[in-house]
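The values are calculated or read from the model by the stated rules, or taken from the named source; none is laboratory data. Values in this document were obtained by computation on a predicted structure and should not be read as measured data. Cβ coordinates were reconstructed from backbone atoms using ideal geometry, including for glycine residues, and neighbour counts include every protein chain displayed. Remember, those area values only see protein heavy atoms, side chains included, never the ligands or the DNA or RNA. Shrake-Rupley method; radii C 1.70, N 1.55, O 1.52, S 1.80 Å.
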Amino acid sequence: MSVPNPPLDSLMIAAQSGDEAAYHVLLKALAVTLRGYFARRLGRDANAEDLVQDTLIAIHERRATYDPQRPFAAWFFAIARYKLIDHLRATRRSPTCAMDEIEDFIGVDEEPSASARLDLERLLDGLSPRSRDIVRTVKIEGQSVAEVSQRSGLSPIAIRVLLHRAVKAMSAKVGNSRS
Amino acid sequence: MRDRVRFAAGQEGISTDALIDALAGDISSAPVPSVRRTLAVSFAAGSVISALAMLALLGLRPDMAAALFTASFWIKLIFPLGLAVAGLMAVDRLGRPGAEADRGYGVGIAVAGSMALLASVQLITAPRDAIRSLLLGHTLDHCTALIMLLALPILAAGMYAMRQMAPTRLRLAGAAVGVTAGALSASIYAIACNETALPFVTLWYGAGIALTGVLGALLGPRLLRW
């Protein structure tokens, strides 16, 4: 894989030492690169932009694993590939369905019958541990995004993005099991 | 298909530009924690727990003072420590996207190869009726199992550390954590064990380390996803 833009290495190194402006420029450039990368591999997938965001969040949260001694492009594309494979694995054969269904399902919980709770657990099981935790605390226990943010150290916006994805993944699963 | 459209980018959630603004604003407040320090602290903490468990369960070998002057004591300590160094090198690489762990593998193969060579020399030069005890020792019934048991706290700590990193090959990353945990555990166990035969150590310490590696490989895909 060719290096798209050599200065990215130095932008990343600056970002690692806390240079906000450099990081902003870097993320903008990466978003463009990712959009192209995923578009070439997914075609006209409506989820491609979500995947771009997921990958940007992953890059942000795992930025300490970049070793300045090594090429940035190798690090960056390995993360993009990992996220792409993850995405394909999760969505390949599961059509998405209406999100309201799952919102109702999680939010109301009027009849906490054992089977409903089991279903919910099964849906939650399909999520990453962190997403599961966020869905639990925000959607089920009703904590605010700000509270979860303080506790987990993730930015509120990252939590909102993750929550949005998690609910979508769960609704996809519901749609899948019904079809 | 209709539902897909509802989730099209920009219709809900957050725009990518807003996300980038938020992420960029997040960095000056949160300095990047050093990955190597997390690794070092985790494996050290796990090893301390394992060493305390060894002292509580087994104690030092009874002939400790005399053993310090034997080559077998030091070889038994250095062999697993060498594998632990190789394992840590691999762990550090495999936790970083896009990095290969070739050097770690190289060191590991060199250490295991040297040990196998020393063991072979001891076997070849031994009288025929000593071979059985060189291979099977007198602690075979618990040696490998205890190494695996003492590896568990280190394995847990190592998996915790690896979860802070970004492994893209989860099985391999889990295996590297497992081998490192097994190797550190074996060097701790070596202080409690009074076997002296190198073939025994190569085989059964090696088995404990390898099986802990297998355990790590099995756990990797479950524990290390991100």
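Things worth noting here:
- Interface B-A: total buried accessible area of about 4100 Å², 1.4 Å probe, protein heavy atoms only.
- Sequence of A:Leu34, B:Leu136 when ordered by accessible area, the most exposed leading, probe 1.4 angstrom: B:Leu136, A:Leu34
- Surface/4 estimate of mean projected area, convex hull on alpha-carbon atoms of the protein assembly as shown, nm²: 24.3
- Mean residue ellipticity (222 nm) of the protein assembly as shown, computed from DSSP H runs ≥ 4 via -39,500 (n - 2.57), nearest 500: -22500 deg cm²/dmol
- Coarse-grained scattering of region B:73-139 at q = 0.11, 0.14, 0.27 Å⁻¹, given as base-10 log I(q)/I(0) from a Debye sum over alpha-carbon atoms: -0.38, -0.55, -1.10
- Estimated from the Cβ-Cβ distance and a Förster radius of 35 angstrom, the FRET efficiency linking A:Ser152 and A:Arg44 is about 0.55.
- The angle between the Cα long axis of helix B:102-125 and the longest principal axis of the Cα atoms of chain B comes to about 10 degrees, rounded to the nearest 10.
- For region B:183-222, projected area of the alpha-carbon convex hull averaged over all directions, nm²: 2.8
- Taking the Cα centre of chain B as reference, the dipole from Cβ charges on Lys and Arg (+1) and Asp and Glu (-1) amounts to some 300 debye.
- C-alpha long axis of helix B:16-27 to longest principal axis of chain B, angle in °: 50
- Residue-level accessible surface for B:Leu68, protein heavy atoms, 1.4 Å, Å²: 70
- Cα-based helix-to-principal-axis angle, B:170-189 vs chain B, degrees rounded to 10: 30
- Equivalent ellipsoid of chain B: semi-axes from √(5λ) of the C-alpha gyration tensor, largest first, are 44, 18, 15 Å.
- Accessible-area rank, largest first, for B:Arg132, A:Arg122, B:Arg225: B:Arg132, A:Arg122, B:Arg225, with all protein chains present and a 1.4 angstrom probe.
- Rounded to the nearest 20, the size of the Cβ-charge dipole of region B:38-162 about its Cα centre is 60 debye, with Lys and Arg at +1 and Asp and Glu at -1.
- Compactness of region A:8-91 was expressed as the Cα radius of gyration divided by 2.2 N^0.38 Å, which yields 1.08.
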